[in-house]
Every structure is written in structure tokens, then in C-alpha cells.
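One structure is given below, encoded as C-alpha cells.
The values are calculated or read from the model by the stated rules, or taken from the named source; none is laboratory data. Fair warning: this is a prediction, and the values are worked out from it, not measured in the lab. Cβ sites come from the backbone with ideal geometry, for glycine too, and all protein chains shown count toward neighbours.
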Amino acid sequence: MCTSGRPAPMIAPSILSADFANLASEVAAVGPSDVDPGVEWVHVDVMDNHFVPNLTLGMPIVESLLKATDIPLDCHLMIDDPGRWAPPYAEAGAYNVTFHAEATDDPSSVARDIRAAGGKAGLAVKPGTPLDPYLEILGNFDTFLVMSVEPGFGGQKFMPEVLDKVRTIRKRIDSDELRLLIEIDGGISDSTIEQAAEAGVDCFVAGSAVYGGDDPSARVAELRRKATEVRENR
């Protein structure tokens, strides 16, 4: 989106850090409350033990969550062969389906198939992946996810050097007036969200920073406040 049309800062709690035995209640805990209007998205990390060395949530969990909540699901697919596996997540009802640039030779085609299946399409890049091959196709996506840790595990330390990618994408979005959200995932906390907001991030994925405390809703409100203050003072 162009600068004037940017949304308020969005928080997308990652249920990778939630209690897997009580996922429905953990998602409900970040819905509307006395301290926060509720999150815009819930982030679901899908790992296949091939693209990344871990195995996590998959389609059955996503389908169950879709029955349990009205909060849009933001599915981050850390998987091989997204051309085959990504569109079904959109067909199932996931709002935003993000796949990795490193997992396909034709990201624009995968994006078209996700959109045709009814979802928003997102492209993700690992910290070491250069942006240049993707800057000219940004308009084919609804979100661009910059990984600020190596994908595969939660709880890693934030890598501030990736913020140069955020700044580059922000400039391209604003100059070309693209309708594109910049999302960041990895190590987002009270101590890092302001850096990310200053660089131009729109949506902040936060796992332990939300679910590591006693009141997830209050944690969302505090993170949102910090990001909003940065945006307003830019």
C-alpha cells in the first residue's frame, strides 16, 4: 500500500508458541478484550520436515481452527512444492497463504493459484535470500514476509540486518503505490518491534512475546502500542 493508505500496525500472534493442547482457547485469548480490539490475523506455521528441519501444524489443524474462530488465519508454509500444497489452504478458508521464494521457480504462478482459490498470496524470503529477483514482481502478491530468523524453529534471536530488506521493499511499495503489506517473522518482542516498525513493517508476527505471558491480549496491546507510536512519530 502507499504510505497514505497503510493500515494501522497489525499483530499476528504465532500459535507455534501457544499451548497445542488448547489451541482454540489460545486463539480466543487474542480476540477482542477490554485491553485490545483483537488481532487482525493469527499466524499458523506449517513445516514439512523437508524445506525446514522441523514438522509442525498442517491442514487438519488449520481446518479445525477455521471452525473454532472468526479471526483470519495467516498460514506461513515452510514447505517444499508450494505449487501443489499452497492453494488447498486457501480453498480450506485460510485468509492469507504465504510460501517461500526459495521453494519454487515460479512464485507468481503459485500466487495466481492461491488467489484463484480464494486467498491472499504472500511471498516469504529467508534472511540470506537476496531481494533483487523479486522486486519486479511485488505487485503479484498481497504480502511480503521478511524472515528475521532462520525458518524452522521458534524462539530465535532477531536478526536486525534483515531490516535493510524491509526498507528496500518499503521504498518500492511507496514509489510504485503498490497494495502490499510487509510482514516480519522471528524474534519480535518489546525490544525489537520498534526497530521493525521504523523500517516500515506493517504486520508483526510474535510468538513467545504474546503467549509467553499470563495475558496474551495485554501483550498484543503493548506490542501494538509500541509499533503505533513509532509510526506516528515518523
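Data overview
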item	result
Filtered residue count, the range 73-114, keeping only those that are under 14 Å from T143 (Cα atoms), among the small types (G, A, S) and out of contact with any strand residue (DSSP E or B) (no Cβ under 6 Å at 6 or more places or on another chain)	1
So L123, is it touching a Pro at 6+ places or on another chain (Cβ under 8 Å), modelled with pLDDT of 95 or more and not aromatic (F, W, Y)	yes
Residue within the range 144-160 that is under 16 Å from P7 (Cβ atoms), buried (at least 16 other Cβ atoms within 10 Å of the Cβ) and of a type in the set (F, W, Y) present	yes
Output for the range 102-158, where each listed residue is among the basic types (K, R), in contact with a helix residue (DSSP H, G or I) (Cβ under 9 Å, 6 or more places away or on another chain) and under 21 Å from H43 (Cα atoms)	R115, K120, K126
Leading residue by the ranking (surrounded by the fewest Cβ atoms within 10 Å (Cβ to Cβ)) among those in the range 107-130 that are more than 15 Å from I79 (Cα to Cα) and of a type in the set (D, E, K, R)	R112
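Rundown of residues vs (1) among the aliphatic types (A, V, I, L, M); (2) modelled with pLDDT of 95 or more; (3) over 18 Å from the mean Cα position of the chain (by Cα), yes/no style:
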{"site": "S109", "(1), (2), (3)": "no, yes, yes"}
{"site": "G119", "(1), (2), (3)": "no, yes, no"}
{"site": "L138", "(1), (2), (3)": "yes, yes, no"}
{"site": "T143", "(1), (2), (3)": "no, yes, no"}
{"site": "F153", "(1), (2), (3)": "no, no, no"}
{"site": "M159", "(1), (2), (3)": "yes, yes, no"}
{"site": "V162", "(1), (2), (3)": "yes, yes, no"}
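Yes/no matrix, rows are residues, columns are (1) crowded, with 18+ Cβ neighbours inside 10 Å; (2) farther than 18 Å from G122 by Cβ:
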| position | (1), (2) |
| --- | --- |
| R167 | no, yes |
| E177 | no, yes |
| G207 | yes, no |
| V210 | yes, yes |
| G213 | no, yes |
| S217 | yes, yes |
